[in-house]
Amino acid sequence: MHVLFVCTGNICRSPTAERLAVAYAGEAGVELTASSAGTHGLTGHAMDETAALVLRQLGGEPDGFVARRISPRIADDADLILAMTARHRDEVLAMAPRKLRRTFTLLEAVSLAEQSGAQSLDDLAAARARHFVVETDIADPYTRPHDVYESVGQQIADALPGIVRLF
């Protein structure tokens, strides 16, 4: 199973989610690969320094990360696409409309899984028609104070177990 996380620059939120998802899946004994990309990815950049620090505090490892911009090929290679905002989700779907049943915001996917009791990605896709999700976006911490990065990192960390359990 391959999960793609998407944000704007691919230097804060999506790499945090990517690296934590792999760490959490490993702890749970779940076979999962993850990657990330940005809708306006800062191709070739490392993680933002503050985001990398917060990632380490949460148990993830930023070393070796390199940002990239999303493309239709990158989207097509994913089994599940989790965007940080509804706008990111919509941008992904504009370039990869066949991924509709497998593209959500991270918070949308977690909420749908909790509301529906989804046990698989197919259950998650079916839940979209039966359940309403209010909060879908994870704010961008870029250039904001350190506590905003911590809050966003914790929000991502809190959401991921609800996704990892689907595998």
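The values are calculated or read from the model by the stated rules, or taken from the named source; none is laboratory data. All of these numbers come straight from a predicted model, not from anything done at the bench. Virtual Cβ from ideal backbone geometry, glycine too; neighbours counted across all protein chains shown. What goes into the accessible areas is simple: the full protein's heavy atoms, side chains included, and nothing from ligands, DNA or RNA. Shrake-Rupley method; radii C 1.70, N 1.55, O 1.52, S 1.80 Å.
Based on the alpha-carbon gyration tensor of region 1-89 and its eigenvalue square roots a ≥ b ≥ c, which shape applies: rounded if a/c is under 1.5, prolate if not and a/b is larger than b/c, or oblate?
Working: a/c = 1.79, a/b = 1.09, b/c = 1.64.
Oblate is the answer for region 1-89, as a/c is 1.5 or above yet b/c matches or exceeds a/b.
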From the list (1) 99; (2) 137; (3) 176, can you say which value of volume of the Cα convex hull per residue in Å³ was derived from the structure given?
-> (1)
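Could you work out the relative contact order of region 72-115, using alpha carbon pairs under 8 angstrom and six or more residues apart, expressed as a whole percent?
Numbers: 39 pairs, mean separation 19.1, N = 44.
RCO, region 72-115: 43 percent.
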Karplus (6.51, -1.76, 1.60) ³J(HN,Hα), θ = phi - 60°, over region 117-128, in Hz, Gly and Pro reported as x = x, 3, 10, 8, 5, 5, 4, 4, 4, 5, 5, 4
Per-residue HN-Hα couplings for region 83-89 [Karplus 6.51, -1.76, 1.60; θ = phi - 60°; Hz; x = Gly/Pro] | 9, 7, 9, 4, 5, 4, 4
Which value, in Å² and to the nearest 10, is the accessible area of TYR142 when all protein chains are kept and the probe is 1.4 Å?
-> 110 Å²
Can you tell me the 0 to 90 degree angle between the C-alpha axis of helix 106-116 and the longest principal axis of the chain, rounded to 10?
-> 30 degrees
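For region 28-107, what's the relative contact order in percent, using C-alpha pairs closer than 8 Å and at least 6 residues apart?
Values: 87 pairs, mean separation 22.5, N = 80.
Relative contact order here is 28 percent.
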Two-site FRET efficiency, GLU61 against GLN119, from Cβ-Cβ distance with R₀ of 30 Å, rounded to 0.05 = 0.50
Can you bin region 82-146 into rounded, prolate or oblate? Criterion: square roots of the alpha carbon gyration tensor eigenvalues sorted a ≥ b ≥ c, rounded for a/c under 1.5, prolate for a/b above b/c, oblate for the rest.
-> oblate
In terms of modelled amide H atoms, which long-range or inter-chain residues lie less than 5 Å from the amide H of THR103?
-> ILE81
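Give the residue list of trypsin sites (Lys or Arg not before Pro) in region 58-154 that are DSSP loop and have at most 15 other beta-carbon atoms within 10 angstrom.
Sites meeting the loop and neighbour criteria: ARG130.
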Looking only at VAL92, VAL66, VAL22, which one moves most when the chain is put into a Gaussian network model with springs between Cα atoms under 10 Å?
-> VAL66
³J(HN,Hα) across region 132-142 via Karplus (A = 6.51, B = -1.76, C = 1.60, θ = phi - 60°), whole Hz, x for Gly/Pro?
-> 10, 10, 8, 8, 10, 9, 10, 4, 7, x, 3
Relative contact order, percent, of region 55-167 when contacts are C-alpha pairs under 8 Å separated by at least 6 residues?
-> 25 percent
Report in % the part of the accessible area of region 18-138 that belongs to carbon and sulfur, leaving out ligands and nucleic acids; probe 1.4 Å.
-> 51 percent
Tell me, what is the per residue accessible area of region 23-90 in Å², probe radius 1.4 Å?
-> 48 Å²
